[in-house]
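Trainee: Below are the structure tokens for one structure; questions will follow.
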Amino acid sequence: MRQHAAALFFIPVVLIYCGAAAATEPAPGEQRPQTLSFDTDNSKNSAKGKIDYLLYLPQQYDKNQQPWPLMLFLHGSGERGDDATRVDRNGPPRIVGREKGELPFVIVSPQCPKDAWWTDPQQLKNLNALLDRILADYRIDARRIYLTGLSMGGFGTWHLAAAYPDRFAAIVPICGGGKPADANRLRKLPIWVFHGADDQIVPVARSEEMVEAIEQLGADVRLTVYPKTGHDSYTESYKNPKLYSWLLKHKRPAD
């Protein structure tokens, strides 16, 4: 289903973890930088090195109470490096960090290393391993894990979901692109795609071809195109409360 919008509102693997959080765990209502170092002796799906990331816990988070939905956010290419505090420039980590807003998710916002890409096979394995660790350490509803990202992170969203389609309850790729050949792996996932019609960095056709390939399989996918917007289709999208309400409607079926 395609929408045009001018404005919106607001494998099992045995991991050997070689380090815990490098900074103090956030208190409820806070977002703090963390580091996870890991290794594994499983060559088929090996996680290597470390991931720096921002971790946000909702104001009402209590590890002894109800499990929380988890959002994994993948940033764009400009936030790569080894300083996770850079990751809050855009998207959900900006809302709960710089803007001091609240969102009803535990939010994990990893940082891609300099000169790497979220679509690199090793980064996909590391992201999956990071999710394993967060689920082990925090009170998370494993049936409500949501994935979103912008630009390079939009590409990462498509690729990570295709690599681990049974992991996520719904995904939101923004101004990115994927491989139409992955449509069959993605067809069971609820997907909401956002893009600017005037995007000169990642053409809107990259989203359109993914949506078309998935629609042909009768899948649950929707596309919102902003008619007069360039590459920054993400600011408006992440300010839209309907995006978060839509995510929370979705839950993976019980195994």
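The values are calculated or read from the model by the stated rules, or taken from the named source; none is laboratory data. For clarity, every value in this text was computed on a predicted model and none was experimentally measured. No Cβ is skipped: glycine too gets one built from the backbone with ideal geometry, and neighbour counts run over all protein chains shown.
Trainee: Just need a number here: residues in the range 217-240 that are touching a His at 6+ places or on another chain (Cβ under 7 Å) and within 14 Å of His75 (Cα to Cα).
Mentor: 1
Trainee: For the range 69-87, give me the residue count where each residue is buried (at least 23 other Cβ atoms within 10 Å of the Cβ), assigned to a helix (DSSP H, G or I) and within 15 Å of the chain's Cα centre (by Cα).
Mentor: Residues that pass the stated criteria total 2.
Trainee: Starting from the range 213-234, take each residue that is under 15 Å from Ala170 (Cβ atoms) and list its partners that are among the hydroxyl-bearing types (Ser, Thr, Tyr) and surrounded by 21 or more Cβ atoms within 10 Å (Cβ to Cβ), counting only C-beta distances under 8 angstrom and pairs at least six apart or across chains.
Mentor: Leu223/Ser207; Thr224/Ser237
Trainee: Follow-up question, since we're still on this one. Just give me the residues in the range 151-167 being surrounded by 24 or more Cβ atoms within 10 Å (Cβ to Cβ) and not aliphatic (A, V, I, L, M), in sequence order.
Mentor: Ser151, Gly153, Gly154, Phe155, Gly156, Thr157, Trp158, His159
Trainee: Report, by residue number, each residue of the range 199-218 that is surrounded by 15 or more Cβ atoms within 10 Å (Cβ to Cβ) and either over 20 Å from the mean Cα position of the chain (by Cα) or under 20 Å from Gly97 (Cα atoms) (or both). Give the derivation first.
Mentor: First pass over the range 199-218, keeping only residues surrounded by 15 or more Cβ atoms within 10 Å (Cβ to Cβ): 199, 202-204, 206-215.
Result: Asp199, Pro203, Glu209, Glu212, Ala213, Glu215.
Trainee: When you go through Leu127, Leu147, Leu135 one by one, which is the residue that is farther than 24 Å from Lys239 by Cα, within 14 Å of the chain's Cα centre (by Cα) and not small (Gly, Ala, Ser)? Break it down stepwise before answering.
Mentor: On the way: Leu147 fails: farther than 24 Å from Lys239 by Cα; Leu135 fails: within 14 Å of the chain's Cα centre (by Cα).
That would be Leu127, the only listed residue that is farther than 24 Å from Lys239 by Cα, within 14 Å of the chain's Cα centre (by Cα) and not small (Gly, Ala, Ser).
Trainee: Of the numbered conditions (1) more than 29 Å from Glu25 (Cβ to Cβ); (2) charged (D, E, K, R); (3) in contact with a Lys or Arg (Cβ under 7 Å, 6 or more places away or on another chain), Arg206 fails exactly one; give the number of that condition.
Mentor: Answer for Arg206: the failing condition is (3).
Trainee: So, of the residues in the range 14-52 that are modelled with pLDDT of 65 or more and of a type in the set (D, E, K, R), which turns out to be nearest to Val96 (Cα to Cα)?
Mentor: So the first thing to find is which residues in the range 14-52 are modelled with pLDDT of 65 or more, and the list is 24-39, 46-52.
Add one more test, that the residue is of a type in the set (D, E, K, R), and what stays is 25, 30, 32, 39, 48, 50, 52.
Numbers: Glu25: 16, Glu30: 8, Arg32: 11, Asp39: 31, Lys48: 29, Lys50: 24, Asp52: 18 Å.
Per the stated criteria, the residue is Glu30.
Trainee: Scan the range 106-121 for residues that are out of contact with any Pro (no Cβ under 8 Å at 6 or more places or on another chain) and of a type in the set (S, T, N, Q) and jot them down.
Mentor: In the first step, residues of the range 106-121 are kept if they are out of contact with any Pro (no Cβ under 8 Å at 6 or more places or on another chain); the result is 108, 110-121.
Selection gives Gln111, Thr119.
Trainee: Among all residue pairs at least 6 apart or on different chains, which show Cβ distances below 7 Å where the first residue, located in the range 175-186, is within 13 Å of Ser151 (Cβ to Cβ) and the second is assigned to a loop (DSSP other than H, G, I, E, B)?
Mentor: Within 7 Å, the pairs are Cys175/Ser151; Cys175/Asp199; Cys175/Val202; Cys175/His231; Cys175/Ser233; Gly176/Ser151; Gly176/Val202; Gly177/Val202.
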